[in-house]
Amino acid sequence: MHRVIRKCIKCFRMRPKEMKHFMGDLLKSRVTETNPFTRTGVDYAGPFLLKKGRMRSPIKCYVSVFVCMSTKAIHLELVGSLSTESFLGAFHRFVGRRGNVSEMYSDHGTNFQGAERQLAELDESQMFECKLEEFCQSRGIRWSFVAPHQGGLWEAGVKSMKSHLCKVLNESYLSYEEMYTLLVQIEAILNSRPLIPQSDDSMD
């Protein structure tokens, strides 16, 4: 009977064998215990549209998604463009609220590469009238560019953020303050998720 079923092409197609994929080795930053956001990955999501005035057309905005490599905690920042200056402003706000960052990971986006170059040119660059030398040397930030297939952690963070954002926005446009408030609420929802399966023991 089994021999007949195996030779039947229709039966073979209806019950295909599942392929078992081998999981690749995780980055060292993913498995080393450290404080939250000490090692962080970053990616962009968007564009999204914001309303500006009553008679003006909507303007584009983007969301910079910072993901902790060890705890998977998420930090969301609203940025106005894909320029290096806009990202550095979001990065400055992120570090000011979340604390010191020792390692940053991203793909090869042009705005990230420009930010990395400006972080390296400490003597010439300035950001919001604050010297990048004072901003970076005291923190010892090191930037690493990884291949796109190694950025699954922050890509998953972008997907989770978009799922909540699209359900709320639908086809409506928000102002800058409303959009920022919504992002903070989404951030709180995503960071309230349990990171590991919870046990039934009341002492845990």
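The values are calculated or read from the model by the stated rules, or taken from the named source; none is laboratory data. Note that the structure is predicted; figures quoted are calculated from it, not measured. Counting neighbours? That spans all protein chains shown, and the Cβs are built from the backbone with ideal geometry, glycine included. All accessible areas refer to the heavy atoms of the entire protein, side chains included, with ligands and DNA or RNA removed. Shrake-Rupley method; radii C 1.70, N 1.55, O 1.52, S 1.80 Å.
Summary table below
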{"quantity": "Condition check for Ser202: over 23 Å from Arg30 (Cα atoms), among the small types (Gly, Ala, Ser) and open to solvent by 100 Å² or more (accessible area, probe 1.4 Å)", "calculated": "yes"}
{"quantity": "Any hit, segment 96-104, residues being in a strand (DSSP E or B), surrounded by fewer than 16 Cβ atoms within 10 Å (Cβ to Cβ) and in contact with a Phe, Trp or Tyr (Cβ under 8 Å, 6 or more places away or on another chain)", "calculated": "no"}
{"quantity": "Selection from segment 1-24 of residues that are closer than 30 Å to Met104 by Cα and either surrounded by 10 or more Cβ atoms within 10 Å (Cβ to Cβ) or modelled with pLDDT of 70 or more (or both)", "calculated": "His21, Phe22"}
{"quantity": "Residue in segment 104-112 that is at pLDDT below 75 and closer than 22 Å to Met179 by Cβ present", "calculated": "yes"}
